[in-house]
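Structure first, commentary second.
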Amino acid sequence: MEESVIREIYRLKSEKDAVILAHCYQPPEIQDIADHVGDSLQLSRIAASTDVSVIVFCGVRFMAETAHILSPDKTILLPEPIAGCPLADCIDVPTLRSMQAMFPDSLTVLYVNSSADVKAESYACCTSANALEVVESAPSDSVIFAPDRNLGTFISRKSDKKIHIWNGACRTHAVADIQDIKRHIEEWPDAELLVHPETSPEIWELADAVLGTGGMVRHVSNSQATRFIIGTEEGMVYRLKTLFPDREFIAAGRIYCPNMKVITLQKILDSLINLEPAVHLDPEVREKAYAAVARMTEITG
Ligand code: SF4
């Protein structure tokens, strides 16, 4: 059954001039059939640079929206429309505007894990990898950072600016269990512990490096270590095992995002058959959100 679905996906992908992009938190069977696997911004940049007309984006809604922001002329399919992100959903335009009214001298730097209409209200977007650089280059002494409080705290410890941090969190990373992680460190004492900045600060204290998913790939590539404990969503363990079959990886505990697991092979096939559900944004919102994403690119190159 699965094989016939995959065959049909490949056939339709060619017929409809499509490419499949998968976030590295997607399940193994989806990473395996994707043309590209990566973090949300890498995938959006691939979406913008590829010359196909249809992108099947296997991730969550804010990622597919970002792909649409960067490439509005392509059809961006999100095969399961309920694939949302509680972190992105914890902030909306009216509440962000209230915070901006409280701190009128602060520019807003917004983590890309946010919806397009909130991006449209910000000065610049950032990723976990370039958040500090974007905050530092903002032409204001203070900054509103939203929506992830752990990433905001991580940045505030490295920056001299006053940072007003939105009190949101990724439910998957923020509840990672420190006891689980300590147990894995005891079991694999020679391993490097890599953790995502969306985990809590007490977990960073244990880590060899605090990195986003793209940073983890680069770190492993440059490291002499052969074993790694991975403190981010468990799909990343599969991604790293695929990229580095000569190294060993173990998840730092049950760090599982249910929102990343709602897309199935059958749903990808259905989306290719129907060219739905596609992402649509209000053109004005898209343009303003594009300005925030483009500013990040100007700052970080
Ligand atoms: S891992 Fe966290 S930030 Fe990523 S999609 Fe899931 S809830 Fe959102």
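The values are calculated or read from the model by the stated rules, or taken from the named source; none is laboratory data. For clarity, every value in this text was computed on a predicted model and none was experimentally measured. Every residue, glycine among them, receives a Cβ derived from its backbone with ideal geometry; neighbour counts consider all protein chains shown. Areas reflect the complete protein model, heavy atoms only, side chains present, ligands, DNA and RNA absent. Shrake-Rupley method; radii C 1.70, N 1.55, O 1.52, S 1.80 Å.
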(request) Identify, by number, the condition in (1) in contact with a helix residue (DSSP H, G or I) (Cβ under 9 Å, 6 or more places away or on another chain); (2) on the phi > 0 side of the Ramachandran plot that residue 44 doesn't meet. (result) (2)
(message) From the list 261, 161, 267, exactly one residue is in contact (Cβ under 8 Å) with a residue 24 or more places away in the chain, basic (Lys, Arg) and in contact with a strand residue (DSSP E or B) (Cβ under 7 Å, 6 or more places away or on another chain). Which is it?
(response) 161
(request) May I ask you to say which residue of 127, 66, 50 is assigned by TED's automatic domain parsing to the domain that holds residue 20 and in contact (Cβ under 8 Å) with a residue 60 or more places away in the chain? (result) 66
(request) All but one of (1) more than 16 Å from the ligand (Cβ to nearest atom); (2) not in a helix (DSSP H, G or I) hold for residue 288, so report the exception by its number. (result) (2)
(request) Considering each residue of the range 109-122, count those that are open to solvent by less than 50 Å² (accessible area, probe 1.4 Å) and of a type in the set (D, E, K, R), and give that number. (result) 2
(request) Answer yes or no as to whether residue 145 is open to solvent by less than 10 Å² (accessible area, probe 1.4 Å), within 24 Å of residue 297 (Cβ to Cβ) and in contact with a Leu (Cβ under 8 Å, 6 or more places away or on another chain). (result) yes
(message) Of all residues being farther than 24 Å from residue 127 by Cβ and among the charged types (D, E, K, R) in the range 260-281, which is nearest to the chain's Cα centre (by Cα)? Just the residue, please.
(response) 267
(message) Return the residues of the range 92-109 that are touching a Phe, Trp or Tyr at 6+ places or on another chain (Cβ under 6 Å) and of a type in the set (A, V, I, L, M, F, W, C); say none if nothing qualifies.
(response) 107, 109
(message) closer than 20 Å to residue 68 by Cα, surrounded by fewer than 17 Cβ atoms within 10 Å (Cβ to Cβ), not aromatic (Phe, Trp, Tyr) and not assigned by TED's automatic domain parsing to the domain that holds residue 14: is that true of residue 276 in this structure?
(response) no
